[in-house]
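Only one structure is covered here, and it is reproduced in the block below.
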Amino acid sequence: MTTRKLSTLLILVGASLLAAGCVKGKGDEDTGNQVTGDGGSEADADTDADADTDTDADADADTDTDTDADTDADTDADTDADTDTDTDTDTDSVINLLQMGGTYAHGDTIEVTDAVVSSPESSYGFFISDLDGGPYSGVYVYASGGLPGVTTGDYIADLNGVVVEYDLDGNPDATTYDTLTEIELTDPAYITIDGTATVPDPTVVSTADLMDPKSAEVYEGVLVTVENVTITNPDLGYGEFEVDGGLHIDDLFYAITDDMTIKEGGTFTSITGPLYFSYGDYKIVPRDAGDYGTYTDPPCPADKCVGDLADGDLFITELFPNPAYCGDSEGEYIEIYNNSGGSIDIDGLQVSDASNTVSISGSTVVAAGDYAVLGSSDKWCFGTPDAVYDGGSITLNNGGDTITIADASAGVTLDEVTYTGDIVNSHYAIGYNGVPTAQADNDDMANWCAQSTEIGSTGDYGTPGAANDACR
């Protein structure tokens, strides 16, 4: 009797539970609202406690345990395992982030570690680089507080400075490609050098890349190399020259024209240096002679060219320090005589006064036994000179001066004349009496005199491009 009553009771309880839907029979389906082990409820079909359909414990739809929507283990939204926001697998350096933009702004403080000095010091600063090199890897350090005395290859353990977007117009805007991104070092004590490191290999780029401001920006401050370039202007002024029709090569650290003559049409197998930005142009700044590859002159259009000249080939025969018909910068001239016995192209001839040196730019062939007039300006007031030197740099001082012509590539001083102020008079050029045959011939000012032939109807007197008047 007791057993039957208990069985009947169990049957009744089971039926009640089935009716209430609390126990599923075979073939029943989950309609949601499952009872969970922790007393909560979810709307998905997995066994975890969140509302998504994966088996992890976060609220996103991927299978990792972080809260972003990618499948890596970091908390950024890209698919790599580093903590930056790009899709590569590295962590960008401070220099990378500075040059790529978006992280640092003009005036921000910045700290750089684990870098290398990639250039010598100029008058105002130096370049630094990440150890790996490549795009966005370099930057110019402006040492406003004084140069710290670093050298190429010094390892930078720590550098603290201020971000500067240097712009000549005073309105820095890093998005317009017309500024130089710098780190200002306000005190030389804010850089710590700890031994040396290997400077990264330069990145080989095309001249076209560096002449386009947008693509050049990627390499600003970076050590770069251009290969097999042709000189299209050997003298842009201010120590610069141009290759491939637009890329400037600057003398911030080293002027190759101090050691050799370069000519239009000449070629270099390579030119290397940090990429700098100044006065509206990107330019490579070679650090020393080793940053230049092999130079080859263009074909010589005469019997001799600069690079082939010898002592006695050219002489200075006339000077006009004090013209009256026009100003000095448009009227001064130097006359030279070809004594070589053959034609000479004077392209690349160096001309110096006591203070400065410039080079003749452009092919000018002087026949054997002929004269050439080097004018101070292409606006020379006495006509058209055979060639032009820079009258803003070379001046024939009225009180006396030393004028020199040289073949720097051959290492030869061709002629040098020192005159004194007592022989200089307004309106009158001074000329050598006859034709010299050796350098010493025209050294004695007693063999020079004022010229007596009027230049046209200018009221000034000289014989530019012709035999000189005889001295009485």
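Taking into account only those residues within segment 116-125 that are in contact (Cβ under 8 Å) with a residue 12 or more places away in the chain and surrounded by fewer than 24 Cβ atoms within 10 Å (Cβ to Cβ), which is nearest to ASP251 (Cα to Cα)?
Result: SER122.
Run down ILE284, ILE346, ILE316, ILE334 and say which single residue is within 18 Å of GLY465 (Cα to Cα) and within 31 Å of the chain's Cα centre (by Cα).
After ruling out the rest, the residue left standing is ILE346.
Residues in segment 389-400: is at least one crowded, with 20+ Cβ neighbours inside 10 Å, closer than 23 Å to SER359 by Cβ, modelled with pLDDT of 95 or more and of a type in the set (A, V, I, L, M)?
yes
Residue-by-condition table, conditions (1) over 30 Å from ILE284 (Cα atoms); (2) basic (Lys, Arg); (3) in contact with a strand residue (DSSP E or B) (Cβ under 8 Å, 6 or more places away or on another chain); (4) at pLDDT 55 or above:
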{"site": "ALA59", "(1), (2), (3), (4)": "yes, no, no, yes"}
{"site": "ASP66", "(1), (2), (3), (4)": "yes, no, no, yes"}
{"site": "THR75", "(1), (2), (3), (4)": "yes, no, no, no"}
{"site": "ASP82", "(1), (2), (3), (4)": "yes, no, no, no"}
{"site": "THR87", "(1), (2), (3), (4)": "yes, no, no, no"}
{"site": "GLY102", "(1), (2), (3), (4)": "no, no, no, yes"}
{"site": "SER119", "(1), (2), (3), (4)": "no, no, yes, yes"}
{"site": "GLY133", "(1), (2), (3), (4)": "no, no, yes, yes"}
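I'm trying to understand the selection: among the residues of segment 367-379, which are surrounded by fewer than 22 Cβ atoms within 10 Å (Cβ to Cβ) and assigned to a strand (DSSP E or B)?
Within segment 367-379, TYR371 is the sole residue that qualifies.
What tally of residues in segment 274-292 results from selecting those that are free of Cβ contacts under 8 Å to residues at least 40 places away in the same chain and either of a type outside the set (D, E, K, R) or surrounded by 20 or more Cβ atoms within 10 Å (Cβ to Cβ) (or both)?
Counting residues in segment 274-292 that are free of Cβ contacts under 8 Å to residues at least 40 places away in the same chain and either of a type outside the set (D, E, K, R) or surrounded by 20 or more Cβ atoms within 10 Å (Cβ to Cβ) (or both) gives 5.
For GLU264, are the conditions met, namely being in contact with a strand residue (DSSP E or B) (Cβ under 8 Å, 6 or more places away or on another chain), of a type in the set (Asp, Glu), part of a strand (DSSP E or B) and surrounded by fewer than 20 Cβ atoms within 10 Å (Cβ to Cβ)?
Judged against the criteria, GLU264 is not a match.
For the structure I just gave you, tell me whether ASP401 is over 15 Å from ILE346 (Cβ atoms), assigned to a strand (DSSP E or B) and within 44 Å of the chain's Cα centre (by Cα).
yes
Checking the condition free of Cβ contacts under 8 Å to residues at least 60 places away in the same chain, touching a Lys or Arg at 6+ places or on another chain (Cβ under 9 Å) and either under 29 Å from GLY239 (Cβ atoms) or not small (Gly, Ala, Ser) (or both), which residue from ILE394, ILE360, ILE344, ILE423 passes?
Only one candidate qualifies: ILE344.
Condition (residue is modelled with pLDDT of 95 or more, within 13 Å of the chain's Cα centre (by Cα), of a type outside the set (Lys, Arg) and in a strand (DSSP E or B)) applied to segment 252-261: is it met by at least one residue?
No, segment 252-261 contains no residue that is modelled with pLDDT of 95 or more, within 13 Å of the chain's Cα centre (by Cα), of a type outside the set (Lys, Arg) and in a strand (DSSP E or B).
Kindly establish whether THR175 is of a type outside the set (D, E, K, R), crowded, with 20+ Cβ neighbours inside 10 Å, modelled with pLDDT under 95 and not assigned by TED's automatic domain parsing to the domain that holds ASP288.
For THR175, the condition - of a type outside the set (D, E, K, R), crowded, with 20+ Cβ neighbours inside 10 Å, modelled with pLDDT under 95 and not assigned by TED's automatic domain parsing to the domain that holds ASP288 - is not met.
Residues checked against (1) farther than 14 Å from ASN322 by Cα; (2) out of contact with any strand residue (DSSP E or B) (no Cβ under 9 Å at 6 or more places or on another chain); (3) surrounded by fewer than 18 Cβ atoms within 10 Å (Cβ to Cβ):
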site	(1), (2), (3)
PHE382	no, no, no
ALA387	yes, no, no
THR420	no, no, yes
ILE430	no, no, no
ALA438	yes, no, yes
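So for segment 445-453 (the condition being part of a loop (DSSP other than H, G, I, E, B), over 22 Å from GLN350 (Cα atoms) and touching a Ser or Thr at 6+ places or on another chain (Cβ under 8 Å)), does at least one residue qualify?
yes
The values are calculated or read from the model by the stated rules, or taken from the named source; none is laboratory data. Since the structure is predicted, the reported quantities are computational estimates derived from the model, not experimental observations. Note that we place each Cβ from the backbone using ideal geometry, even for glycine, and neighbour counts take in every protein chain shown.
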